[in-house]
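A.B. asks: Just dropping this structure here.
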Amino acid sequence: MILAVVGGGGREHAIIKKLKENKTIEKIYAIPGNGGIAEDAECVAIGATEIDKVVEFCASHKVDYVVVAPDDPLVLGMTDALKEAGIPSFGPSKAAAIIEGSKVFSKNLMKKYGIPTAEYEVFSDPCEAYKYVESCPIPTVIKADGLALGKGVIIAETRDEAKAAVKTIMEDKKFGKSGDEIVIEEFLTGPEVSVLSFTDGKTVVPMVSSMDHKRALDGDKGLNTGGMGTVAPNPYYTEAVAKECMEKIFLPTMEAMNKEGRTFKGCLYFGLMITPTGPKVIEYNCRFGDPETQVVLPLLDSDLFDIMRAVSEERLSDMDIKWKEESAACVIIASGGYPGSYAKGYPIELPEDRRGIYVAGAELKDGVPVTSGGRVLGVTETADSLEEAVKKAYETAGKVHFKDSHMRHDIGKRALSALGIK
Ligand code: AMP
Ligand code: GLY
């Protein structure tokens, strides 16, 4: 089998390493991949959103199956284009990817089908939005409708901040057309849990739960980032919470998408908040999370490619998906200055054993990996306990060196204190 994985971050590296456990796979192309992924796959210099070129490449290189990992090619309809060319793939259709591509769509879907989420209003006229934030409860949450590289959500602590957010998104168009409409929603409180799931539109199989650490600095301070580390499983996702989520959120979402004629097949990501009145949906993603994937897939004890094909062929209910009874921790090592401006091109020294190293922002310069992005790589370790996994991840992270590197030193701390461990 010849596979292609579209994307070029740590998530894609984790997907590729897991896929390689399947011995029927002879070759994997990474489109575009990166300088670290190049150790595990053949990188192809085509952008992840260049749909025509990706389809043409896969057709001419006899690719049997394509995994489309990032949100933007999915929202643009890459799996539909591959299907038209007769190439099977993993990832939702354009019609289903809208669950992430439009927050207005996903909020309206939840309202229509009674899926628990924050109360909200939708605005397409900035004047109406300004008027609304004059009297709405504060803090409030303002979200651009469309994709915004994970930065289209602003939590406003004051009315002035709320007005500034409306201006930034709707008038200054910081996120382009993604800000033509906005959602203004109720501020929720409670621990956050990420649950990725496999679904073929008939069955939904949640993966092991995880916890992201979005802020740049220790103690959840500093700016929001693409994620500075993850742990799995998430201690707040108890059996009782899992049961409630399945009944009130996961199955109703799958069924709602079917009823809308937008059957979702792929990885459906539920971003949840465990509020005092029960779990609520903060966001849906139409894909594997990054860096959640880097802790979830190492705990998967079944063959990823078999599961993906079962999803594509709507035979997920036949699969017996197993998880290791272990914990995982991933520490992200970033370029100093990220998520603000940072320098690039520093040589990266990696440990000999790279099993748990997932590279996000590196390119090869004369055969040597050098930094090329904000988040440079993630280091994942697994162990019998979360405490041990965190300890091991930091030990391995200590063997990675490049100039001006930055990492948080408290990944897993909140999860451990929830487990009663200091
Ligand atoms: P999103 O990009 O939708 O994941 O939002 C980014 C982050 O903003 C989430 O991980 C939450 O921490 C926070 N957030 C989003 N919506 C709300 C809400 N309604 N109440 C409180 N926090 C929120
Ligand atoms: N870690 C959050 C995301 O992938 O959107």
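A.B. asks: Classify the chain as rounded, prolate or oblate, taking a ≥ b ≥ c as the square roots of the eigenvalues of its Cα gyration tensor: rounded when a/c is under 1.5, otherwise prolate if a/b is larger than b/c and oblate if not.
C.D. replies: rounded
A.B. asks: Further, regarding this structure: Taking a ≥ b ≥ c as the square roots of the Cα gyration tensor eigenvalues, with a/c under 1.5 meaning rounded and otherwise prolate when a/b beats b/c, else oblate, which class fits the range 1-88?
C.D. replies: Details: a/c = 1.67, a/b = 1.25, b/c = 1.33.
Oblate is the answer for the range 1-88, as a/c is 1.5 or above yet b/c matches or exceeds a/b.
A.B. asks: Right, something else. Can you pull the percent of the chain's accessible area that's carbon plus sulfur, 1.4 Å probe, other chains left in place?
C.D. replies: Carbon with sulfur: 50 percent of the solvent-accessible area.
A.B. asks: Here's another thing I want to ask about it. For a quick check of your reading of the filter: which GluC sites (Glu not before Pro) in the range 106-150 sit in a DSSP loop and have no more than 14 other Cβ atoms within 10 Å?
C.D. replies: Passing both the DSSP loop test and the Cβ count: GLU119, GLU134.
A.B. asks: How large is the dipole of the chain about the Cα centre if only Lys and Arg carry +1 and Asp and Glu carry -1, each at its Cβ, rounded to the nearest 20 debye? It would help to have the intermediate numbers written out before the result.
C.D. replies: Working: 51 positive and 64 negative charges, 67 e Å.
It comes to approximately 320 debye.
A.B. asks: Going 7 Å from the Cα of LEU364 in the Cα-to-Cβ direction, what parts of the range 37-65 have a backbone nitrogen less than 15 Å from that spot?
C.D. replies: 37-46
A.B. asks: Using DSSP to define loop residues, name the trypsin sites (Lys or Arg not before Pro) in the range 1-36 whose beta-carbon has at most 15 other beta-carbon atoms within 10 Å.
C.D. replies: LYS20, LYS23
A.B. asks: Please give the contour-minus-distance gain from LYS221 to ALA85: 0.36 nm per residue of separation, less the Cα-Cα distance, rounded to one decimal in nm.
C.D. replies: 44.2 nm
A.B. asks: Quick one: grab the alpha carbon gyration tensor of the range 147-268, order the square roots of its eigenvalues as a ≥ b ≥ c, and give me rounded if a/c is under 1.5, else prolate or oblate depending on whether a/b is larger than b/c.
C.D. replies: Details: a/c = 2.16, a/b = 1.37, b/c = 1.57.
Taking the square roots of the gyration eigenvalues as a ≥ b ≥ c, the range 147-268 is oblate.
A.B. asks: Here's something else I'd like to know. Where only protein heavy atoms count, and the probe is 1.4 Å, what is the accessible area per residue for the range 298-416 in Å²?
C.D. replies: That works out to 47 Å² per residue.
A.B. asks: Then there is this: Percent antiparallel among DSSP beta bridges with both residues in the chain, to the nearest 5?
C.D. replies: Bridges in the chain are about 80 percent antiparallel.
A.B. asks: For a paramagnetic label modelled at 7 Å from the Cα of ASP180 toward its Cβ, which residues of the range 251-286 fall within the zone defined by backbone nitrogen distances under 14 Å?
C.D. replies: Taking a point 7 Å out along Cα→Cβ of ASP180, no residue of the range 251-286 has its backbone N under 14 Å.
A.B. asks: Pairs of Cα atoms under 8 Å, at least six residues apart: use those to get the relative contact order of the range 290-422, whole percent. List each step's numbers first, then the result.
C.D. replies: Working: 215 pairs, mean separation 37.8, N = 133.
So the answer I get is 28 percent.
A.B. asks: Now, a different point. Say we join alpha carbon atoms closer than 10 Å with springs in a Gaussian network model of the chain; which of GLY77, GLY150, GLY47 then has the biggest fluctuation?
C.D. replies: Of GLY77, GLY150, GLY47, the Gaussian network model singles out GLY150 as fluctuating most.
A.B. asks: OK, next. Please identify which residues in the range 180-212 have an amide N closer than 16 Å to a label point set 7 Å out from the Cα of GLU247, following the Cα→Cβ vector.
C.D. replies: Answer for this model: none.
A.B. asks: Only Cα pairs under 8 Å and at least 6 apart count here; give the relative contact order of the chain as a rounded whole percent.
C.D. replies: This gives 17 percent for the chain.
A.B. asks: When the Debye formula is applied to the Cα atoms of the range 217-304, each taken as the same point scatterer, what base-10 log of I(q)/I(0) results at q = 0.20, 0.21, 0.24 Å⁻¹?
C.D. replies: The Cα Debye sum returns log10 ratios of -1.22, -1.29, -1.42.
A.B. asks: Give me the one-decimal nm value for the distance between modelled label points at GLU388 and LYS322, 7 Å along each residue's Cα-to-Cβ direction.
C.D. replies: Here the modelled spin labels are 1.9 nm apart.
A.B. asks: Work out how far the C-alpha atoms of the range 195-343 reach from end to end along every principal axis, then list the three figures in whole Å, largest first.
C.D. replies: For the range 195-343, the Cα spread along each principal axis is 46, 36, 31 Å.
A.B. asks: Which whole-number percent gives the relative contact order of the range 66-126, counting Cα pairs below 8 Å spaced six or more residues apart?
C.D. replies: Relative contact order of the range 66-126: 27 percent.
A.B. asks: For the chain, what is the mean residue ellipticity at 222 nm derived from helices alone (per DSSP H run of n ≥ 4: -39500 (n - 2.57); sum divided by total residues; nearest 500 deg cm²/dmol)?
C.D. replies: -7500 deg cm²/dmol, from helical runs alone.
A.B. asks: Let's test the formula: R0 of 25 Å, r as the Cβ-Cβ distance of GLU128 and ILE155. What FRET efficiency results, to the nearest 0.05?
C.D. replies: That gives a FRET efficiency of 0.75.
A.B. asks: Order the following by accessible area, largest value first: THR263, THR277, THR117, THR253. Probe radius 1.4 Å; ligands, DNA and RNA are ignored.
C.D. replies: On the way: THR263 60, THR277 110, THR117 20, THR253 0 Å².
Reading off the accessible areas and sorting them downward yields THR277, THR263, THR117, THR253.
A.B. asks: Let me ask you something else. Among LYS112/LYS324; LYS151/LYS280; LYS221/LYS399; LYS173/LYS248; LYS151/LYS265, which pairs are too far apart, with a Cα-Cα distance over 30 Å? Write down the numbers at each step before the final one.
C.D. replies: On the way: LYS112/LYS324 37 Å; LYS151/LYS280 21 Å; LYS221/LYS399 25 Å; LYS173/LYS248 36 Å; LYS151/LYS265 26 Å.
With Cα atoms farther than 30 Å apart: LYS112/LYS324; LYS173/LYS248.
A.B. asks: Give me the dipole magnitude in Debye, nearest 20, for the range 68-192 about the Cα centre, with unit charges on the beta carbon: positive for Lys and Arg, negative for Asp and Glu.
C.D. replies: 220 debye
The values are calculated or read from the model by the stated rules, or taken from the named source; none is laboratory data. No experiment lies behind these values; they were computed from the predicted model shown. Don't worry about glycine lacking a Cβ; one is built from the backbone with ideal geometry, like all the others, and counts go over all protein chains shown. These accessible areas exclude ligands, DNA and RNA; they are computed on the full protein's heavy atoms, side chains included. Shrake-Rupley method; radii C 1.70, N 1.55, O 1.52, S 1.80 Å.
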